[in-house]
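Undergrad: If you scroll down you'll find the structure; I have some questions about it.
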Amino acid sequence: SSTPQLFGLRPSGSLFPHCSPNIMKFTAALALAAINGANAFVAPQAKPAATQLAMSDYSVNTSVRDNVDVGVGGPLSSGVGGRDLAEIWDNSSPVIVQGGSLRTWSFANPAIESVQVLLKTEGRPLDADVELWQGPDNTPHKMRVYVEDGALRTFNAVIGTPRGPNTVAIRNIGQLEFPLDAVVRPDRDDGLAANIASVAQRSETIQGGALRTYPFNPTVDSVAIILKTDGRPLNARIELLQGPNNNKQVVELYTEDGLDRPFFAIVETPGSGNVVRVVNTAPVEFPLYASVDAYRVGGGIDWPDDGLMIGRAF
């Protein structure tokens, strides 16, 4: 009549009948320490990482009207007001660059933080390369400029030259029969960049590989253009069209830092049917901010209500 024993269990309920109380206490302590130690290997719950990058973190100001100095501490903050383009040509001494030749202008003064580059011809085509040299084998700014008529539509631009010394090089890549006149001067007295920024009303983003077109009515004589980035390289092409696939002026532009060296230009738009096209030739990862607005209005053309042009006073 003995009670059956299953797996060492006795009626008293003891699992280890032959163990002393001290050994059982020690075993229990070891088991508790093992449980607490296992908790140490549990990965703590991490806080959600902030992976959102807001454009406000970079303090990118795309309003060019409210911020003439489009680069933070950039080179284009000096000067207000300014003179007309014709007055700049009259008060300057142009340098003739023959076809196939190269001329350079050096600025050793580090206080010169932006320069004006003006090109024109006597009515012949204008084809030139404009480069900014800063140290050996360092070209942070490049432009290829083509104008169908260099007298009717002169080339006018302002490029940033921070941290001098800097050298502006202009190469006339046209034929020997097509010389050009060049003016390269600091942008401190006239404030041409400040004038361009003062007429800017809006700025829009152009993604890499995209383009924007800006048509203008015949009363607009010239257009102000500002191109910049948030610090990334700037690659763009600016075209002035007058009719289908009729390029009157083309500028291919490269800048290694579109925030430190933004591009300012004035494109003259005589006649009717003018359209400015801006193409971002960079990959999709490199957007740019463009501002294209009328610079000078009032060409002297009278338009009646029926849409026919009466005439123009000369």
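The values are calculated or read from the model by the stated rules, or taken from the named source; none is laboratory data. None of these values were measured; they are calculated from a predicted model. Please note: Cβ atoms are built from the backbone with ideal geometry, for glycine as well, and neighbour counts cover all protein chains shown. SASA here: full protein model, heavy atoms, side chains in, ligands and nucleic acids out. Shrake-Rupley method; radii C 1.70, N 1.55, O 1.52, S 1.80 Å.
Undergrad: Tell me yes or no: at least one residue of the stretch 198-214 is closer than 13 Å to ALA157 by Cβ, aliphatic (A, V, I, L, M) and in contact (Cβ under 8 Å) with a residue 60 or more places away in the chain.
TA: No, the conditions are met nowhere in the stretch 198-214.
Undergrad: Still on this model: Just checking, how many residues over the stretch 145-158 are among the aliphatic types (A, V, I, L, M) and open to solvent by 10 Å² or more (accessible area, probe 1.4 Å)?
TA: 2
Undergrad: Consider the stretch 223-238. How many of its residues are under 16 Å from VAL276 (Cα atoms) and crowded, with 20+ Cβ neighbours inside 10 Å?
TA: Of the residues in the stretch 223-238, 7 are under 16 Å from VAL276 (Cα atoms) and crowded, with 20+ Cβ neighbours inside 10 Å.
Undergrad: Name the residues in the stretch 274-303 that are open to solvent by less than 40 Å² (accessible area, probe 1.4 Å) and at pLDDT below 90, would you?
TA: Hits for the stretch 274-303 are GLY299, ILE301.
Undergrad: Which residues, counting only those in the stretch 272-297, are among the charged types (D, E, K, R) and assigned to a loop (DSSP other than H, G, I, E, B)?
TA: GLU285
Undergrad: Among the residues of the stretch 185-207, which ones are open to solvent by less than 40 Å² (accessible area, probe 1.4 Å) and more than 30 Å from THR167 (Cβ to Cβ)?
TA: Correct list: VAL199, SER203, ILE206.
Undergrad: Take the residues in the stretch 106-144 that are among the polar types (S, T, N, Q) and not in a strand (DSSP E or B), then tell me which one is least open to solvent (accessible area, probe 1.4 Å).
TA: THR121
Undergrad: Can you tell me how many residues in the stretch 250-260 are outside any strand (DSSP E or B) and surrounded by 24 or more Cβ atoms within 10 Å (Cβ to Cβ)?
TA: Going through the stretch 250-260 one residue at a time, the tally reaches 1.
The rows are residues; the columns are (1) polar (S, T, N, Q); (2) closer than 17 Å to VAL251 by Cβ; (3) touching a Phe, Trp or Tyr at 6+ places or on another chain (Cβ under 7 Å).
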{"residue": "ALA108", "(1), (2), (3)": "no, no, no"}
{"residue": "ALA111", "(1), (2), (3)": "no, no, no"}
{"residue": "TRP133", "(1), (2), (3)": "no, no, no"}
{"residue": "LYS142", "(1), (2), (3)": "no, yes, yes"}
{"residue": "TYR146", "(1), (2), (3)": "no, yes, no"}
{"residue": "ALA151", "(1), (2), (3)": "no, no, no"}
{"residue": "PRO165", "(1), (2), (3)": "no, no, yes"}
{"residue": "ALA169", "(1), (2), (3)": "no, yes, yes"}
{"residue": "GLY174", "(1), (2), (3)": "no, yes, no"}
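Undergrad: Moving on. Can you confirm whether ASN247 is open to solvent by 30 Å² or more (accessible area, probe 1.4 Å), within 30 Å of GLY123 (Cβ to Cβ) and in contact with an Asp or Glu (Cβ under 7 Å, 6 or more places away or on another chain)?
TA: Yes; evaluated as a whole, the condition is true for this residue.
Undergrad: Shifting gears a bit: When the residues of the stretch 159-184 are filtered to those that are assigned to a strand (DSSP E or B) and surrounded by fewer than 19 Cβ atoms within 10 Å (Cβ to Cβ), which remaining residue is farthest from the chain's Cα centre (by Cα)?
TA: Among them, the one singled out is ARG171.
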